[in-house]
Structures are given as C-alpha cells and as structure tokens.
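What follows is one structure encoded as structure tokens, with my remarks underneath.
Nothing in this text is a laboratory measurement; each read-out follows from the coordinates by a stated rule. This structure is a prediction, so every number in the text was calculated from the model and none was measured. Ideal geometry is used to build each Cβ from the backbone, glycine not excepted, and the neighbour counts take in all protein chains shown.
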Amino acid sequence: MKNVLLLRIMKAKNIFYLIAVLLLGKSLYGQVQPTWESINERGYPQWFSDAKLGIFIHWGLYSVPSYASLEGYAEWYYRGLMTNDDRKAFQERIYGKDFQYEDFAPMWKAELWNPDEWAELFKKSGAKYVLLVSKHHDGFCLWPSQYAPGWNSVDVGPKRDICGELTEAVRNKGLKMGFYYSLPEWKSDIHRWYVDPDENIGTYVDTHMIPQFKELVTRYKPTVLFTDGEWRNSAEQWHATELISWYYNTVGKDAIVNDRWGDGQQHGFRTPEYSSGITLTDRPWAECRGLGRSFGLNRNEPLENYMTSDELIRHFCVLVAAGGGMTLNVGPAADGKIPLLQQERLLDLGEWLEINGEAIYGTRPYKKFYEMKKVEVTHIDEKIDFDWKRNSPDPAISCDHFKAYWSGEFSCPEDIYTFEIQTDDKAKLVIDGKTVIEDTKISNTRTIALSNTPSPFHTIEVFYEEDELEATITLYWSSETMERQVMKDFMAAEWVCNSPTTSQPQGLAALYTCQQPCICYTQGEDALYAIALDYPEYGLVLNIDQPADDMKVTMLGCQKTFPWKYQNGNLIIKTSGLKYSDLKSTAAWVFKMK
C-alpha cells in the first residue's frame, strides 16, 4: 500500500511537471520572434479588417503657418524651408527674415483644444480607430519625450500631453487608439534626413529612434502603429523585425503595424496614399488620404480640392468593396479646432454609415468587386502642361488608370522643329497622321521637318495613359530661332464644339476617359450587398451568380421589398416602386440580397 501511494505521488509530480513545462513552453514559444517568418505567422488581428474606417490627425507646429502650394503637403513645411521653395518666401514675408521654424513652437497654443470633442466627432463619423501623428518628420513630439527635451508639446507650446489626453478620450468612446511615428527626422543633431548620407543613419537609429519608439509604445500601448519616412533606407537599417516583434509582444493580440518599414519589409497593412484604391487581398489595407490634397491644414488650398460628402461616401464604398478601408485625415487648426467643412464631411459620412453600416463593417469582398461603366469628359485645354500629382483632370475621372487624348491644329513659320514630351507614364505624339514620338516614358525628343505647303496648318494628336500615383505630362517644342517652350496656340478640333459661335476655339480638344465603378459588392455572413453609386432610377442589373428562388431584395433604410428576375446570367432588380420619401440616404444606395 505504501508503494502504491508513493507511485501515485510520483505520478502526480510528473503530471504537474509536465503541465509546468507546457505552460513555460507556451510562454516562450508564444512570443513573436524577430524574423519575418514569425511576424507573418502571427498575422493580423481581425478587428482591423472589420473596422474599415479610421481617422488620421496631422497636427503640429506646421499647423501654425498652415501653408503650402495649392497641391502641397502643409506638414512638409520645414522641408520647404530646407529647399527654399515658396514656403521660405512666405515665412520671410509674414514672419520676417530672422524668423526660424523653432519660433513656431511657443506660438502653438492649442487654446481651444478639447480632446473629448474630437473623440465625440470621430465616434459620430463611424470611425473605429484613430491615428494621431505623435511625431512628424520635424521631430517635434506630442508627448513629453525624454529624447526631445524642449522640443515637445509639454515643454513648449500647448504645455499638454496631447498623445496621452487624446488616447484617454478616444478609448473612453470605445475606439482603438494608434499613432503615426516618423522614423527619420529633418532636424536631428545625429542624422538629418535628406541631408546626411543615408548609410550613416545607424547611430541615430540605435541611440535615438529605437529608444524613443519604445518610450512611446511603453507609455501609451497604442493598438495601431503607422511608421513613415522609411523609403531611403532598408528594413534592416530600421531594425524592423526587432521593433515589430517587440511591439507585438508588448501590446498584445490586437496590435497591428503598417507596411512602411523600409526596403525589404515583408509585413504590415498596406497604405496606398491618395489613390483610386488597390485590389490586393493578401494583407489588410486602408487608403490614407485627406479630405483635400494636404494632410496638415493648408490655408492656401482652394475649395475645389476638397471632396464633397457624396464623393467621399462613394470613394469609401469603392475601397471597402475591394477588401480595404480608409484612414481619413483631418487637419486641425493651430488652436485645436477642426475646420467646420471637415467636421461636416465626417458627420455626413457617419450619417450614411448609421443607415448602411451593415454593408460596410465586418464585410468581406465578393468574388467580383464592381460593375463598371465608362466615363468620358471633354475639355478645351490651352496647352499640354499638367502636373496632376495624385489627382485627376476632372472630379468625374479616376485618379489612376485614366486616358487622355488631345487633338487640334497648329501653324508654324519654320520647317525644322524639335518636339519633346515629358511624362511619368506612357504617351504618344502624332503630327499630320504620322507618329513622331511613340509610347515614351519619362522623356523623349524628336526633330522633324514640317512643310508649309499646301497648307500652313498641321494636325496634332497626343495620347496619354496614366497608370498609378503621380500623373504628369508636358509637350515642348523648339527650333533654331525659338527656345524650348511649352507648345500652345492651338485650334481645337471641331468635334468637341457645340456652340456655332466657337467652331474653332483656341486650345486643344481634350477627351479624358476611364472606367469607374457604378455598383460595389460586399458580403456579410448571410447576405450579399450591392451598393449603387448612381441612383437606380431604372433598376439594377447585377452580373452575379443565380440566387435561391426565395431570396428577398430590400434596400437599407427602406421597408420595401423589390421584385427581381434572373435572366442570361444577370440579376435584374426592378426599382420603379421607389419614392423620394423612401430614401433615407444620399450618394449611394445599398440593396441587400438575402
């Protein structure tokens, strides 16, 4: 009996030991290791893919001048001073020649800032997370960083821990909090970004960036980290795997990082910027963009740069249908107030989501993202000299993947001319029906002889195909007696003119074309949604799989059901019974098929 009892005790000890080993092993091996394989195996938290909408906030010293070119980034103000662009002239004119960027710090008072007001607005917008720029490229910190003494919002300026106060307010509203953090700095004494050699960044990374990064994370435990400024260095130089794994292990299962960690990075949610959206589904993604062209408030920006509420809602639907989301930026004024126009756009988006959110939050892409339509816009362009940056020639035209065609006539007094096209994508020049420059990219020149008989006029055609991101094209010409200059003084082709009094207007007839989504699809757990971006006055035709015979079609926010039939591979929904009083939202109308 004694031996049996001894065996039982030994067996219990062995079981206890085995459990302890297993628990210890789980503790050890459950940690994310500093390798891309381990980081990718850990994956991404589902909440981010479900959230769809976040709010970006660019607010800092650059919010005091709030100035850039019409299309420029106001938060890059200090870089403009470094390169002596128009921001340098603006600063000298307004603040004096002896004024320095550092002098903006005591001017940033944030006297009207209420973090609870911001959090309430973001909640009403329908956003599920917030990203505050904790430190932009100028190195100024919005928390009391020991690595930026005298250059943070507690030591100077607002005299407040902006990161801490906003984190508390946002989390009190049930939203997740995150930070943008610039990896390099323009003003660092150790390494000045864009000035010092990129390969000499090691000491800065080791002694400043890494400890400051860890200070920020340890202090506030942000759920999202959006790093930036990585593009001149490698992921290895930024110690990406070490920092990402450390961050994940520190914050826990809900933590997520973006994809801006330097050349060679293999992880992070994708962050297309001011685009027509992407269609990659291998990782989560969210387009980051402002309501206008700038992230930081740019007082020089014209109203037409801002998306209308309807444009914002439709663009958001396009992103979600492709499996992505949007991190929508606001640029508060230096006093801490978000401009009323920006507030209006956020509230309009929130009202639309209040009605239609079930077709957005937690959805996944259908096997096809969109139904497409061709869009055509005609202009008279005085010349071909365009830098659309990340925009398009017209609000109806997509920012990426559009085509332009110019045609007209010109006269010339000489015989020999050199033509040149500078472009970021593909372009072709045709004169008198003959190709002069074909499918050029970047820059191409060609010298040709033009005869003035039997007519002094010559036809000209220019073809342009925009791919992605930047969009630029300029047409130059020169001769022995004329310096290189942008070509102009055209007569437009007659086909574009509708007025009998302007049958030969000055300029080129321009035709811009693209394919735009007109219906977006999303899938919920038990329903398919078709989001009509055009009012479905004549019904909907959906090229989708044949549904069950007992399927019902309804519109979110409306009590009616709609008759339908399936014919030749298309679901045809009849909407003639819709009345104005049935419509509870604008911009986009969501039909639910269940």
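So here's what we get for this one:
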{"read-out": "Pairwise FRET efficiency - Ala89 versus Glu382, Cβ, R0 = 41 Å, nearest 0.05", "value": "0.95"}
{"read-out": "Full-stretch length increase - Glu358, Glu470 - with 0.36 nm per residue and alpha-carbon distance subtracted", "value": "36.9 nm"}
{"read-out": "Structure-derived Kirkwood radius over Cα pairs in Å: which label, when the choices are [x] 29.4; [y] 25.6; [z] 27.5", "value": "[z]"}
{"read-out": "Degrees between helix 115-125 axis and first principal axis of the chain (Cα, 0 to 90, nearest 10)", "value": "70 degrees"}
{"read-out": "CD proxy at 222 nm, helix term only [per DSSP H run n ≥ 4: -39500 (n - 2.57); per residue of the chain; nearest 500]", "value": "-7000 deg cm²/dmol"}
{"read-out": "Exposure proxy order (Cβ contacts within 10 Å, fewest to most) of Trp246, Trp285, Trp231", "value": "Trp231, Trp246, Trp285"}
{"read-out": "Given Lys373/Lys426; Lys124/Lys373; Lys253/Lys367, the pairs whose alpha carbons are separated by over 25 Å", "value": "Lys124/Lys373; Lys253/Lys367"}
{"read-out": "Per-pair calculated FRET efficiency, R0 = 56 Å: Ile416 and Asn543 via Cβ, rounded to 0.05", "value": "0.55"}
{"read-out": "Computed P(r) (all Cα pairs; the stretch 37-357; 20 Å bins; percent)", "value": "33, 62, 6"}
{"read-out": "Total charge dipole magnitude, the chain, about the Cα centre, Cβ charges on Lys, Arg, Asp, Glu only, Debye to nearest 20", "value": "3320 debye"}
{"read-out": "Nearby lysines by direct alpha-carbon distance to Lys187 (threshold 18 angstrom, same-chain neighbours under 8 apart not counted)", "value": "Lys88, Lys135"}
{"read-out": "Contour excess over end-to-end distance, with Cα ends at Tyr566 and Asp198 and 0.36 nm allotted per residue", "value": "126.4 nm"}
{"read-out": "Difference of contour (0.36 nm per residue) and Cα-Cα distance, Leu280 to Glu480", "value": "66.9 nm"}
{"read-out": "Angle in degrees between helix 240-251 and the longest Cα principal axis of the chain, rounded to the nearest 10", "value": "50 degrees"}
{"read-out": "Amide hydrogen neighbours beyond the local backbone of Arg260, cut-off 5 Å, H modeled", "value": "Thr227"}
{"read-out": "Label point distance in nm, Asn391-Tyr44, each placed 7 Å from Cα along Cα→Cβ", "value": "3.0 nm"}
{"read-out": "Dipole in debye (nearest 20) - the stretch 37-357, about Cα centre, beta carbon charges: Lys, Arg +1; Asp, Glu -1", "value": "540 debye"}
